[in-house]
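J.: First, the structure itself, so that you have it in front of you.
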Amino acid sequence: MIDLAQLRREPDVVKDALARRGVAPSTLDDVAALDTEHRRLLQETERLRADIKSLSRQVGEARREKDLARAEELAAVSRDLGDEERQASASAELVAGRLRDLLLQLPNLPAPEAPDGVDEHDNVVLRQWWVAMDDGAPFPSFEEHQRVPHWEIGAQLDILDLESGAKLAGSMFPLFRGVGSRLVRALGAFALDRHTPDYEEIRPPTFALTETMVSTGHLPKSADDMYAIERDGLWAIPTAEVPLTSMLRGEIIEESRLPIRMTALTACFRREAGAAGRDTRGLLRVHEFDKVELFAYCTPDQAADAHADILARAESLLRELGLTYRVLDLCAGDLGTSSARTFDLEVYSPGVDRWLEVSSVSWFRDYQARRANVRYRREDGSTALVHTVNGSALAWARIWAALVETYRQSDGTVELPSVLAPYLGSTTISPRRG
């Protein structure tokens, strides 16, 4: 949620910043008008309450002086003012609700460093990496046996069963088998071992309350992309960012405890409603996938280092896995609702000849903390909103796809990176016998 105080103080700055995200200045004029009206009604309510309190004292004095006529006259005026106060209070609540609804729809202000642009086509490639790049080797040229899509490899090796997944839950719910299933599990354990103990491992609930979803900015704006369990007022989490952001909702943290770093491996659920008909083959776009998330509460001064640390960890995992990847600096128009600055990591998957997003590393400033009311206490005793930072390290469905395509051998087997051996035993995937 944006800072109303900043909008009052620097309306043109806020308008110019959000214009980079396609928000019309008139929308912010509406916010400012509602804010002014809300404060006017609150002041009117307080004035009426003060008048009623004063009249109450006068009524008491008149009764003690046995001036019953005056007491009744003052009491009648007090009752009339009471009606006005209730009306003003109700109006203030109504305007506050309209103001909150509008604020919940507004995206975060983009960081000045975020590139200008309208959509994904304006994102900036910062760097690329591939094995042997440091030796001056050119961008890798993949062999024909690596140019086979992962869904065909999965079927040939009996490690990915998309038909059974669709039979059980509908399309875009994959089912992994045998070594394919163990590979998903191994990737999660591999990442958690790299992140702990620097990040405390958390196993949060898979479902979240509406208030928890609102805190991160996923609701109300992205409701169509979420899975709702209406009977219980719950939502299936789209990312562990949701519960981790609300772990300290409504609390004040001592500055000495910051930064607080956490990591979690969870299933993630997304309807991908806006992507119907696009990239639906294999694991390119699925409704359920496992992901390891990194998250930090921090002070504003710690935010840049926290952001850089998560990005470095995600890149390090990709390098250990030997996957070709690139880093994108997302333009203002392509940022997620809550983000001020985001770097995306994309791996190159030779079987589908595509760059696949496997991580978004984002700094949210105090946007989420304002929604969740998470503050920290400075050494001087004053309080301020924390900043939040998070990123995927990593999302496994597309990593799985890139691995089996990149490491497919000419005989049809897959030879996975040796870093996974402690988690898999054998790193060779061959067709199952029998």
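J.: With the dipole of the stretch 324-434 worked out from charges on the C-beta (+1 for Lys and Arg, -1 for Asp and Glu) around the Cα centre, which of 427, 355, 388 lies farthest toward the positive end?
T.: Checked the options; the winner is 388.
J.: Note the full-extension length gain between residue 49 and residue 196 as 0.36 nm times their separation in residues minus their Cα-Cα distance, in nm to one decimal. Display every interim value, and only then the final one.
T.: Values: separation 147, 0.36 × 147 = 52.92 nm, distance 5.54 nm.
Here the segment from residue 49 to residue 196 would lengthen by 47.4 nm.
J.: With the chain treated as a Gaussian network of Cα nodes joined by springs under 10 Å, which of 385, 102, 192 yields the largest mean-square fluctuation?
T.: Ranking 385, 102, 192 by mean-square fluctuation puts 102 first.
J.: With labels modelled as points extended 7 Å from the Cα through the Cβ direction, what inter-label distance (nm, one decimal) is found for residue 125 paired with residue 143?
T.: Here the answer is 2.5 nm between the modelled labels.
J.: Okay, which of the stretch 346-379 sit inside 18 Å, backbone N to the point 7 Å along the Cα-Cβ direction of residue 255?
T.: Within reach of a label on residue 255, which here means backbone N under 18 Å from a point 7 Å along Cα→Cβ, the stretch 346-379 contributes 366, 374-379.
J.: Using Cα atoms only, what is the angle between the long axis of helix 178-195 and the major principal axis of the chain, expressed in degrees (0 to 90) to the nearest 10?
T.: The helix 178-195 is inclined about 60 degrees to the chain.
J.: Also, quick follow-up: If you take the Cα atoms of the stretch 138-234, find Rg, then find the Kirkwood Rh from the mean of 1/r over all pairs, what is Rg/Rh?
T.: Values: Rg = 18.8 Å, Rh = 17.4 Å.
Over the Cα atoms of the stretch 138-234, Rg/Rh equals 1.08.
J.: Along the stretch 404-418, what does the Karplus equation 6.51 cos²θ - 1.76 cosθ + 1.60 (θ = phi - 60°) give for ³J(HN,Hα), rounded to whole Hz, x for Gly and Pro?
T.: Running phi through 6.51 cos²θ - 1.76 cosθ + 1.60 with θ = phi - 60° gives 5, 6, 5, 9, 5, 9, 5, 8, x, 7, 10, 10, 6, x, 5 Hz.
J.: Between residue 185 and residue 94, what is the label-point separation in nm under the 7 Å Cα-to-beta-carbon projection?
T.: Using points 7 Å along Cα→Cβ, the separation is 5.9 nm.
J.: Let me have the relative contact order for the chain, percent, based on Cα pairs under 8 Å that are six or more residues apart. Walk me through the numbers on the way to the answer.
T.: On the way: 815 pairs, mean separation 86.4, N = 434.
Relative contact order comes out at 20 percent.
J.: When the chain is fully extended, how far beyond the present Cα-Cα distance does residue 377 get from residue 63, taking 0.36 nm per residue of separation?
T.: 108.0 nm
J.: Measure nothing but the geometry: give the 0 to 90° angle between the long axis through the Cα atoms of 25-64 and the longest principal axis through the Cα atoms of the chain, rounded to 10°.
T.: 40
J.: Let me ask you something else. For residue 66, list the lysines whose Cα falls under 28 Å from its own Cα; do not include residues on the same chain fewer than 8 positions away.
T.: 53
J.: Another question, then. Below 24 Å, Cα to Cα, which lysines can residue 291 reach? Residues fewer than 8 away in the same chain don't count.
T.: Here the lysines satisfying the reach criterion relative to residue 291 are 167, 221.
J.: Can you tell which of 59, 361, 14 shows the greatest fluctuation in a Gaussian network model of the chain with Cα springs below 10 Å?
T.: 59
J.: What is the extension gain from residue 312 to residue 353, computed as 0.36 nm multiplied by their sequence separation minus the C-alpha to C-alpha distance, in nm to one decimal?
T.: 12.2 nm
J.: To continue, here is another question. Report the equivalent ellipsoid semi-axes for the stretch 201-278 in whole Å, largest first, defined as the square roots of five times the eigenvalues of the gyration tensor built from alpha carbon atoms.
T.: Details: eigenvalues 132, 37, 28 Å².
Whole-Å semi-axes of the equivalent ellipsoid: 26, 14, 12.
J.: Send over the semi-axes of the stretch 23-63's equivalent ellipsoid, whole angstrom and largest first, taken as the square roots of 5 times the C-alpha gyration tensor eigenvalues.
T.: 40, 4, 4
J.: Give me the distance in nm between label points sitting 7 Å out from Cα along the Cα-to-Cβ direction at residue 36 and residue 111, one decimal.
T.: 3.5
J.: If you build a Gaussian network model of the chain, linking Cα atoms that sit under 10 Å apart, which residue out of 132, 96, 236 swings the most?
T.: Highest fluctuation among the options: 132.
J.: Which semi-axis lengths, in whole Å and largest first, follow from the square roots of five times the eigenvalues of the Cα gyration tensor of the stretch 120-429? Kindly include the intermediate steps, with their values, before the conclusion.
T.: Values: eigenvalues 225, 101, 63 Å².
The three semi-axes for the stretch 120-429 are 34, 22, 18 Å.
J.: Now, a different point. Using helices alone, I'd like the mean residue ellipticity at 222 nm for the chain: each DSSP H run of four-plus residues gives -39500 (n - 2.57), total over residue count, nearest 500. Walk me through the intermediate numbers first.
T.: Details: 13 runs with 178 residues, N = 434.
Result for the chain, helices only: -13000 deg cm²/dmol.
J.: Using alpha-carbon positions, what is the distance between the centroids of the stretch 28-55 and the stretch 78-108, in Å?
T.: First find each Cα centre; the distance between them is then 9 Å.
J.: Please state the charge dipole magnitude for the chain, taken about the Cα centre, from unit charges on C-beta atoms (+1 on K and R, -1 on D and E), reported in debye and rounded to the nearest 20. Display every interim value, and only then the final one.
T.: Details: 53 positive and 70 negative charges, 196 e Å.
The calculated dipole for the chain is roughly 940 debye.
J.: For residue 177 and residue 72, what is the calculated FRET efficiency with R₀ set at 60 Å and r taken between the beta-carbons, to the nearest 0.05? If you can, show how the numbers build up before the last one.
T.: Working: r = 85 Å, r/R0 = 1.42.
Efficiency computed from Cβ-Cβ geometry: 0.10.
J.: Right, another one. Where in the stretch 282-317 is the amide nitrogen less than 11 Å from a point lying 7 Å along the Cα-to-Cβ axis of residue 133?
T.: Counting backbone N atoms under 11 Å from the label point, the list is 315-316.
Quick note: the coordinates plus some simple rules give every number you see, no bench work behind them. Quick caveat, the model's predicted, so the values are computed rather than measured. Reconstructed Cβ throughout: ideal geometry from the backbone, glycine too, with neighbour counts over all protein chains shown.
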